[in-house]
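See structure below.
The values are calculated or read from the model by the stated rules, or taken from the named source; none is laboratory data. The shown structure was predicted, so the numbers you read here are calculated from the model rather than taken from an experiment. Cβ atoms come from the backbone with ideal geometry, glycine included; neighbour counts cover every protein chain shown. SASA here: full protein model, heavy atoms, side chains in, ligands and nucleic acids out. Shrake-Rupley method; radii C 1.70, N 1.55, O 1.52, S 1.80 Å.
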Amino acid sequence: MAKDARERHGEPDPVREMTRKGKRLSRSFSWLAVLGALLVLGGIVGLIYTGVATLTSMLLFGWLLLIGGVVGLLQAIQSRGTNYFWLAAVVAALNIAAGVVVIRHPQGSAEALTMFAALLFLTGGLFRLVGSVVVRGPQFGWTLLQGAFGLLLGLLVLFDWPHSSLYVLGVFFSLALLFDGLGLIAIGVGGRRIVSMVTPHPAKGPVGTPSDGSPAEVPPERSESAPDQSNN
């Protein structure tokens, strides 16, 4: 009766409204899972064609630097007259110059970034090794293993340089796509399950009600005064 009264007054049914919003949210999680699947596919293709992945990552990095520099320069122009105007303008100009250099020379930029990554692995692994031996904390084994792995990875990349610049950055870029895609798939599938669990479903009619909404015929009750034939 309350539902019919709400419908007569033009008020939406809260159960149907929540169901509609739940379907919309579930559709959004589905698109998130589709995006994750595309990222996983791109990561797998990048792991197969590491050279193409390296070139693609460098071009994306260059365009990001260029666009970020242009946006920073526009913001610096809008904030002229402030104390940080010249600092913002210099940073934006450096980003634009670096973006142009990376876009025009992606192979040389990849070699420089690979060298930087190898030195970063070497220094990080060395510090972890020394720190784990000196401190000997509760995570001594894991810290020692991480330091040894970082040191070994830096040495491998450095000994194979500059040839390693053809695949190192591409492998890292592809692995990032792969794990980000798996995370989005997990969020999308888990979100759909949670939405389906908490979304109320519209109540169906009582048992015996026909699908056209007309009331069902109730069989006549036996009269209490009727003789009990089972006793005869």
(request) List, in order, the whole-Hz ³J(HN,Hα) value for each residue of the stretch 146-156 obtained from phi through the Karplus relation with A = 6.51, B = -1.76, C = 1.60 and θ = phi - 60°; use x for Gly and Pro. (result) 5, x, 5, 5, x, 5, 5, 5, x, 5, 5
(message) Apply the Karplus curve 6.51 cos²θ - 1.76 cosθ + 1.60, θ = phi - 60°, to the phi angles in the stretch 191-197 and return the couplings in whole Hz, x for Gly and Pro.
(response) x, 4, 5, 5, 5, 5, 6
(message) Cβ neighbours within 10 Å, averaged per peptide: list 53-65, 71-83, 111-123, 139-151 in order, most packed at the top.
(response) 53-65, 111-123, 139-151, 71-83
(message) Quick check: the distance between the Cα centres of the stretch 90-116 and the stretch 135-177, to the nearest angstrom?
(response) 23
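When the solvent-accessible surface of protein heavy atoms is calculated with a 1.4 angstrom probe, in what order do Leu126, Leu158 fall, highest first?
The most accessible residue leads, giving Leu126, Leu158.
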